[in-house]
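Following: one structure in structure tokens, then a few remarks.
Please treat every number below as a calculation from the coordinates, not as lab data. All values derive from a computational prediction rather than experimental measurement. Neighbour counts run over all protein chains shown; Cβ positions are idealised from the backbone, glycine included.
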Amino acid sequence: MAYTLDRMWRAEDEALLSRLEDERILERLWSFVHPAYPPPHARAAGLVALMARAESGRAARAHAEDGELEPLTRLIERAPLDELEPELLHHLALYLARVADATCDASPDAASDARLRSLAAWLALTRQRAYLYDLAQAVAGAHLSPFELGRAVDDAALDIVDALGRDAEQGARGRTNRARSAWRTLARVPEACRAAGLDVHDARAEPPGRTEEVARRVMARAESKRSLALESALAPIAEAMADASARGSLSGDALRILRPATTLWSWTEYDEAVERFVIDQVSDAAWELYRDNRWDDLRALIAPIHPLVDNLCKRIAEHHEPMGYLASCAHMLVFRAETATTLGDQIAFAERALSVCPSHRNAQIVLCSYLCRSALHTMDRSAFFVGDKNVAEVEAVLARAEALNASSKSLEEAKRRLVAFKRRAHRRQT
């Protein structure tokens, strides 16, 4: 019996062909982006099929069939999550997690982008809830109550955050790329919440709604995991500093011991906790060198941490922080002033110390001394050309110095010199 082509070609044949084409597109896509890493399971081709349900996805799939993969890649990386159906969000979350695994060693920043979007897709599913609830019910059956199922849905994104936390903590000491990728993603969790349509500002409201509570818990968990990873990385440095202090070699060993902390600061993308840790740890060694007038050693110790101190000072100025690290930052700036090589720099750093902590007594004392020295230099330079302008300049500088430290011996000497300086000015005028 003869069969026509239409009778021979069945609907299931069409479906099989379409699926095989999707699998081929997925293989091309993966080879295009991640050729050195094993491709995901063929089931991941469902991502291509689900993308093609939308008009933009159909066009991207057609381009991919012709070998042009950029449109499909762009959709995967940038399509607004609130426009995607739940099943596609699920595929996207799993696919991007695979992408992150493939790229984290070679490109931790790209892996972080993939992880962040994967997390955002999970959060979007959590926000919609129905799809994940049905999926959890199908898996758990009657083993979980409706309340437990709902809790499992709300905790889905927390499992992703916990996995990121493990990666960050396990690799933080060795500064691995996988750990850096995880760390960076944890720091960007509020960004993932916003991409998923969760309002991170409403998450602070009382009482929060369900989705706001999800955002709050996810962000809190991410911050907790970051703290644990940071503690893991900083613990050996703190232990080494404590050992050096016990041996009496702190001032000599501090520079070597703290060097990894400055590297960690860059690795964590300039985390404030590292800045505070370094300032806390360096303080005793710096004071020891300061009291012994070991200026070269003090200069060498604090030079590598100048950027950390400057950044923390900037944070304090922007956030109007109350007492706490104000004095510590001012201490560092006073040390910087005392090791500066020009009087102008010494005055500038001492002024900065007082701008950070106006009541810092040591900053007041050293700035008074610098101002008196500056006044003496002015009088020396103007010895043969004394005028009212020169006198007024010196008087203003000394008035500021007296307001800072009226009992200064340097101030007494400068005032005596000022009397003679004013006499010369008077004689020139007469």
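For this structure, a couple of remarks:
- Spin-label model distance (nm) - residue 306 vs residue 55, 7 Å beyond Cα toward Cβ: 5.9
- The fewest-to-most ranking of 376, 144, 84 by surrounding Cβ atoms within 10 Å reads 144, 376, 84.
- For the chain, the mean residue ellipticity at 222 nm estimated from helices alone is -25000 deg cm²/dmol, where every DSSP H run of n ≥ 4 contributes -39500 (n - 2.57) and the total is divided by all residues, rounded to the nearest 500.
- Counting Lys and Arg as +1 and Asp and Glu as -1 over every other residue whose Cβ lies under 12 Å from the Cβ of residue 169, the net charge comes to +2.
- Inter-label distance for residue 63 and residue 239, nm, one decimal - labels placed 7 Å from Cα along Cα-to-Cβ: 5.3
- Two-site FRET efficiency, residue 199 against residue 220, from Cβ-Cβ distance with R₀ of 22 Å, rounded to 0.05: 0.90
- When each of 181, 328, 407 is scored by the number of other beta-carbon atoms lying within 10 Å, the sequence from fewest to most is 407, 328, 181.
- All lysines inside 30 Å of residue 415 as judged from Cα atoms, apart from same-chain residues fewer than 8 positions distant: 389
- Over all other residues within a Cβ to Cβ distance under 12 Å of residue 364, the charged ones net out to 0, with Lys and Arg as +1 and Asp and Glu as -1.
- Compared with the alpha-carbon gap, the fully stretched path from residue 272 to residue 293 is longer by 4.5 nm at 0.36 nm per residue.
- Straight Cα distances below 16 angstrom link residue 314 to the aspartates and glutamates 269, 271, 272, 275, 351, with same-chain residues fewer than 8 positions distant left out.
- Counted as membrane-span-like here are DSSP H helices of the chain whose alpha-carbon atoms extend 27 Å or more along the helix's own axis and whose Kyte-Doolittle mean is -1.0 or above; these are 11-33, 108-128, 210-247, 272-291, 361-381.
- For 126, 211, the sequence from fewest to most other C-beta atoms within 10 Å is 211, 126.
- Label point at residue 139 placed 7 Å out along Cα→Cβ; residues across region 154-175 whose backbone nitrogen lies under 18 Å: 154-164
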